[in-house]
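Engineer: The structure's right below; bear with me while I get my questions together.
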Amino acid sequence: MQTFLDPIERALAVAANREALVCDGRRLTYREFADRLQRLHAVLHDCDLRAGDRVAILSFNSIAFTELYCGVPMAGLVQVPLNFRWAEPELAYALEDSGARVLVCDRDPGRLADLVERVIRIDDGEYERLVEAATPLPFDHAAIDENVLAGLFYTGGTTGLSKGVMLTHRNLIANAWNIQFAQPMTGDDRYLIMAPMFHAAGSVSVLQSIFLGATQIIMPAFEPAAMLDLVESEGVTQ
């Protein structure tokens, strides 16, 4: 049995001092990343969330998004990444359909704030202040099963209402192994995240990279010239 807890534990065993995440000049080692995940666990615990509760994420790619992508399922909760290209009614539908209790966002949520119990803002520094001030709360393997939901990933809704695709820990761990077979990586690789992380194309190698102790270079949004600069300056290999 494997859950979202396994990749970070292996990374700590084999690559604790290696760079885990790089974004906009900020750099975290795997040791620092793991510490912040435990602090995020405490923040989520203080939101009075119960196992299986939904936490929605509306954000460009970032270190915070990567922490939420990993840390929400690690806490026994369900992540709901939202398409930032959607109009407000589409976002509202996904929030209501998923039953999200908390929204973490990097922008003014507007009327979306009325649909959840708690909003945590990334853009005004609230998220960072909460994580930094929190006392690390260890995760509990026994509290998470590989067959419980890890995420609700909403489809484009091109022919009707968007559907929330239910993916378990086992589903997403299997994706990590499948992409490793199709596009092998080692701990020495430096992987560029440039597609939106709300979509499988953007997040498909997150757990793969962590399992191997590889470094992930995060682009908030794709821009061709900036991408080429990052490939050169950060030594991107994949």
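The values are calculated or read from the model by the stated rules, or taken from the named source; none is laboratory data. Please read these numbers as outputs of a predicted model, since none were measured by experiment. Positions of Cβ are backbone-derived with ideal geometry, glycine not excepted, and every protein chain shown enters the neighbour counts. Just the protein is used for accessible areas: all its heavy atoms, side chains included, with ligands, DNA and RNA removed. Shrake-Rupley method; radii C 1.70, N 1.55, O 1.52, S 1.80 Å.
Engineer: From the list Phe4, Phe60, pick out the single residue that is touching a Pro at 6+ places or on another chain (Cβ under 8 Å), buried (at least 23 other Cβ atoms within 10 Å of the Cβ) and among the aromatic types (Phe, Trp, Tyr). Let's see the steps before the verdict.
Structural biologist: Values: Phe60 fails: buried (at least 23 other Cβ atoms within 10 Å of the Cβ).
Testing whether each residue is touching a Pro at 6+ places or on another chain (Cβ under 8 Å), buried (at least 23 other Cβ atoms within 10 Å of the Cβ) and among the aromatic types (Phe, Trp, Tyr) leaves just Phe4.
Engineer: Condition test on Gly156, is it at pLDDT below 95 and open to solvent by 40 Å² or more (accessible area, probe 1.4 Å)?
Structural biologist: yes
Engineer: Do we find that Arg85 is over 30 Å from Pro138 (Cβ atoms), out of contact with any Phe, Trp or Tyr (no Cβ under 6 Å at 6 or more places or on another chain), open to solvent by 10 Å² or more (accessible area, probe 1.4 Å) and assigned to a loop (DSSP other than H, G, I, E, B) in this structure?
Structural biologist: Values: over 30 Å from Pro138 (Cβ atoms): yes; out of contact with any Phe, Trp or Tyr (no Cβ under 6 Å at 6 or more places or on another chain): yes; open to solvent by 10 Å² or more (accessible area, probe 1.4 Å): yes; assigned to a loop (DSSP other than H, G, I, E, B): yes.
The answer is yes for Arg85.
Engineer: Can you tell me which residue is farthest from Thr237 (Cα to Cα) among those in the stretch 193-217 that are among the aliphatic types (A, V, I, L, M) and assigned to a loop (DSSP other than H, G, I, E, B)? Give the derivation first.
Structural biologist: Kept after step one, since they are among the aliphatic types (A, V, I, L, M), are these residues of the stretch 193-217: 193-195, 197, 200-201, 204, 206-207, 210, 212, 214, 217.
Now restrict to residues that are assigned to a loop (DSSP other than H, G, I, E, B): 194-195, 197, 204, 214.
On the way: Met194: 13, Ala195: 16, Met197: 19, Val204: 16, Ala214: 11 Å.
Residue satisfying both the conditions and the ranking: Met197.
Engineer: While we're on this one: Could you list, in sequence order, all residues of the stretch 62-71 that are in a helix (DSSP H, G or I) and either over 18 Å from Ala133 (Cα atoms) or at pLDDT below 95 (or both)? Reasoning before the result, please.
Structural biologist: Going residue by residue through the stretch 62-71, those that are in a helix (DSSP H, G or I) are 63-71.
Those that are in a helix (DSSP H, G or I) and either over 18 Å from Ala133 (Cα atoms) or at pLDDT below 95 (or both): Phe65, Thr66, Tyr69, Cys70.
Engineer: Residues of the stretch 213-229 being touching a Leu at 6+ places or on another chain (Cβ under 8 Å) and under 30 Å from Leu5 (Cβ atoms), which ones? Don't jump to the end; show me each part of the working.
Structural biologist: Narrowing the stretch 213-229 to residues touching a Leu at 6+ places or on another chain (Cβ under 8 Å): 215-219, 227.
Across the stretch 213-229, the qualifying residues are Thr215, Gln216, Ile217, Ile218, Met219.
Listed here are the residues, each with its yes/no results for (1) open to solvent by less than 30 Å² (accessible area, probe 1.4 Å); (2) more than 24 Å from Trp86 (Cβ to Cβ); (3) within 19 Å of the chain's Cα centre (by Cα); (4) among the small types (Gly, Ala, Ser).
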{"position": "Val148", "(1), (2), (3), (4)": "no, yes, yes, no"}
{"position": "Gly151", "(1), (2), (3), (4)": "yes, no, yes, yes"}
{"position": "Leu161", "(1), (2), (3), (4)": "no, no, no, no"}
{"position": "Phe181", "(1), (2), (3), (4)": "no, yes, no, no"}
{"position": "Asp188", "(1), (2), (3), (4)": "no, yes, no, no"}
{"position": "Leu212", "(1), (2), (3), (4)": "no, yes, yes, no"}
{"position": "Gln216", "(1), (2), (3), (4)": "yes, yes, yes, no"}
{"position": "Leu230", "(1), (2), (3), (4)": "no, yes, no, no"}
